[in-house]
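Quick notes on the structure that follows.
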Amino acid sequence: MSDPTDSELDFVDEVAAFFAREGLPLISGRVIGWLLICEPAEQSAAELADALAVSRSSISTATRMLTPSGLVEGVRKRGERQEYFRIAADGWSRMLESRYAKTTAFRHVTERGLEVLDGASPQRRERLSNVAELYRFLEGELPTIWARWEQHRIGPDRRKGLGESRPSS
């Protein structure tokens with residue numbers, strides 16, 4: 001494994017900054033960034049720490065944070081004791097699917113808030129009402145978007161193998 005180039009580290013830091021704006025610690029974002037471009041695709045904690053010039057304990061904390069979402073997964077190689085980390089093949093989909101699954105739960109929370117504010121002035125209810133409406137909309141639309149993504153992901157050649165006909169051009 002070679003050391004990352006300055007431009008690769010710039011990319012890693014750009015990914016980290018993006019995820020930091022989403023509330024993720026910088027080191028977790030840096031791990032995601034590096035795992036997106038590193039070679040080999042599977043990296044041990046020591047390799048991640050070396051490439052990113054951080055402590056192994058920071059890597060351990062980051063990978064513990066990233067694996068529950070399904071984006072990053074730990075794998076073991078036969079005959080080796082250490083764990084390697086990689087971006088899961090369907091990790092982005094799993095992470096987003098998990099996030100979207102919470103839409104209904106949060107809609108319930110907002111509707112409970114509207115019940116609490118029953119009888120309050122429209123001005124007081126407006127912010128919460130707007131959020132509840134957004135989540136109702138998303139709850140209705142996301143299943144269709146997700147189904148379209150799954151069809152797109154499979155692609156016409158794979159759909160044909162599953163018994164579907166290929167769309168004509």
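The values are calculated or read from the model by the stated rules, or taken from the named source; none is laboratory data. It should be emphasised that the depicted structure is a prediction, and the values quoted were computed from it without experimental measurement. Glycine also receives a Cβ, built like all others from the backbone with ideal geometry; neighbour counts cover every protein chain displayed. For the accessible areas, the whole protein counts, side chains as well, though only heavy atoms, and no ligand, DNA or RNA atoms are used. Shrake-Rupley method; radii C 1.70, N 1.55, O 1.52, S 1.80 Å.
A few notes on this one:
- Dipole of segment 1-70 [Lys/Arg +1, Asp/Glu -1 at C-beta], most positive-end residue of PHE11, GLY70, ALA49: GLY70
- Protein-only accessible surface order, largest first, of HIS108, HIS152 at 1.4 Å: HIS152, HIS108
- Distance from the Cα centroid of segment 16-55 to that of segment 113-133 is 41 Å (rounded to whole angstrom).
- For ALA101 and THR61, the FRET efficiency from 1/(1 + (r/R0)^6), where r spans their Cβ atoms and R0 equals 25 Å, is about 0.50.
- Accessible surface ranking for ILE154, ILE37, 1.4 angstrom probe, highest first: ILE37, ILE154.
- Charge dipole (debye, nearest 20) of the chain; +1 at Cβ of Lys and Arg, -1 at Cβ of Asp and Glu: 680
- By the combined test of axial Cα extent (at least 20 Å) and Kyte-Doolittle hydropathy (mean at least -1.0), the qualifying DSSP H helices of the chain come to 6-21, 91-116.
- In the assembled protein chains, LYS77 presents an accessible area of approximately 70 Å² (probe radius 1.4 Å).
- Residue order by solvent-accessible surface for ARG30, ARG76 is ARG76, ARG30, largest first, with ligands and nucleic acids left out and a 1.4 Å probe.
- Options (i) 51; (ii) 46; (iii) 32 - which one matches percent of Cα pairs over 26 Å apart as calculated here: (i)
- Local net charge near GLY29, Cβ-Cβ under 14 Å (Lys/Arg +1, Asp/Glu -1): -2
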